[in-house]
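*Asks:* Can you keep this structure in mind? I'll have questions shortly.
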């Protein structure tokens, strides 16, 4: 049923209601990735019998059911992010028509989430990377306009608890050069691609009408990297309605993770500094921050030898409490049976179950 337009919540209202989120990772964004890093490979290989189920389980995720989604809600999460590839089952004919069977399966999963009372986020995931590497900015603008028109028209009358996120992490990273070598963008080109494609996303969705005219949309940061996205070169897209945009970044402690410094004093300082950047650049200006991917588990080899905190769940608690205090929406990155078991329909670890319950019950300060 279509919601009344005057009931459309603002981005801040949606962000505050989203609470903690969980990714339905390695599922609808899965694709046959063999040779996709080779310029000679111009299209995505087919998997199995080329059905939605072949792709949904390609990266070993179980089939998504209403029970799986109900369990996510029961565990305390209030948001599910569904990364979607969209290019699977699509013909390489220049029309970029999303296969109706694939669209139907995405629709089913979205409906599972909405039925469970969850805020639901869908995006273009990995397909953006595949296309940007092989097309000029002009062609990318045309292709993503075609894709977002189809997505927005399918979901135009869905409730405002459905939120669109433009892209994933690859708006301005690299592209095949004239010799077929994958080459990093110049920074100016990185921001040109990112800013332009975010604007295409917003304009296209708004033009599709229905609840899309006022639906909350999430623009994607450059590489979803906090430092690059808080740069003065990044530009939030303009919008025909006010207070309906968020910004997406990933992993508040990403640099510390890859430098094996988790749990250290430097790690704590780094989290503070990254949150301050987001606060000054976005939150203080009325733009909520959506952390679409947040680390859910810290392996032992990622901890600093001088770590103050040496337990994964303790570190997760520090990160999530900080993000919640800053009014940032944290969405844990998770795959088939990682943090949340989709076969048992519960959070696997008792300590982590208790943490999520505590965070859910704790009022935002």
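Here, each number is a calculation from the coordinates, and none is a lab measurement. Quantities reported herein were computed from a predicted structural model and do not represent experimental measurements. Counting neighbours? That spans all protein chains shown, and the Cβs are built from the backbone with ideal geometry, glycine included.
*Asks:* How long is region 68-140 along each principal axis, judged by its Cα atoms, biggest number first, in Å?
*Replies:* Answer, in whole Å and largest first: 44, 23, 15 Å.
*Asks:* On to the next question. I'd like the antiparallel share, as a percent to the nearest 5, of DSSP beta bridges with both residues in region 5-361. Write down the numbers at each step before the final one.
*Replies:* Values: 6 of 32 bridges.
Of the beta bridges lying entirely in region 5-361, close to 20 percent run antiparallel.
*Asks:* Convex hull volume of the Cα atoms in region 222-365, per residue, in Å³? Write down the numbers at each step before the final one.
*Replies:* Numbers: hull volume 19.4 nm³, N = 144.
Per-residue hull volume (Cα only) is 135 Å³.
*Asks:* Taking 10 °C and 1.306 mPa s as the conditions, I'd like the Stokes-Einstein D for the chain in µm²/s, using the Kirkwood hydrodynamic radius from alpha carbon pairs. Each step should come with its number before you reach the end.
*Replies:* Working: Rh = 20.8 Å.
Value of D from the Cα-based Kirkwood radius: 76 µm²/s.
*Asks:* Out of all DSSP beta bridges with both ends in region 207-314, state the antiparallel percent to the nearest 5. Walk me through the numbers on the way to the answer.
*Replies:* Numbers: 0 of 9 bridges.
Around 0 percent antiparallel, to the nearest 5.
*Asks:* Top mean-square fluctuation among 122, 143, 318, Gaussian network model of the chain, C-alpha springs under 10 Å?
*Replies:* Fluctuation is largest for 318.
*Asks:* For the chain, modelled as a GNM with alpha-carbon contacts under 10 angstrom, which of 329, 14, 84 fluctuates the most?
*Replies:* For the chain, modelled as a Gaussian network with Cα springs under 10 Å, the answer is 14.
*Asks:* Quickly work out the residue 351-to-residue 192 label distance, labels modelled 7 Å from Cα along the C-beta direction, and quote it in nm with one decimal.
*Replies:* Result for the modelled spin labels: 5.0 nm.
*Asks:* Out of 42, 199, 175, any idea which swings most in a Gaussian network model of the chain, alpha carbons joined below 10 Å?
*Replies:* 42
*Asks:* Once the piece of chain linking residue 51 and residue 111 is laid out straight, how much longer is it, given 0.36 nm per residue of separation minus the C-alpha distance between them?
*Replies:* Stretched fully, the residue 51-residue 111 segment lengthens by 19.6 nm.
*Asks:* I've got another one for you. For the residue pair residue 227 and residue 203, what label-to-label distance in nm results when each label sits 7 Å from Cα along the Cα-to-beta-carbon direction?
*Replies:* Inter-label distance under the simple model: 3.2 nm.
*Asks:* What FRET efficiency comes out for residue 67 versus residue 156 if R0 is 30 angstrom and r is the Cβ-Cβ distance? Round to the nearest 0.05.
*Replies:* Numbers: r = 28 Å, r/R0 = 0.95.
So, using R0 = 30 Å, E works out to roughly 0.60.
*Asks:* Then there's this: Go ahead and estimate [θ] at 222 nm for the chain from helices alone: -39,500 (n - 2.57) per DSSP H run with n ≥ 4, summed, over the residue count, rounded to 500. Provide the component values of the computation, followed by the final result.
*Replies:* Numbers: 12 runs with 135 residues, N = 365.
It lands at -11500 deg cm²/dmol.
*Asks:* What distance in nm lies between label points placed 7 Å from Cα along the C-beta direction at residue 314 and residue 101?
*Replies:* For the pair residue 314/residue 101, the computed spacing is 5.1 nm.
*Asks:* While we're looking at this one, here's another question. So for 343, 294, 51, fewest C-beta neighbours within 10 Å to most, what's the order? Let's see the in-between values first.
*Replies:* Details: 343 10, 294 25, 51 16.
Listed from fewest to most nearby Cβ atoms, that is 343, 51, 294.
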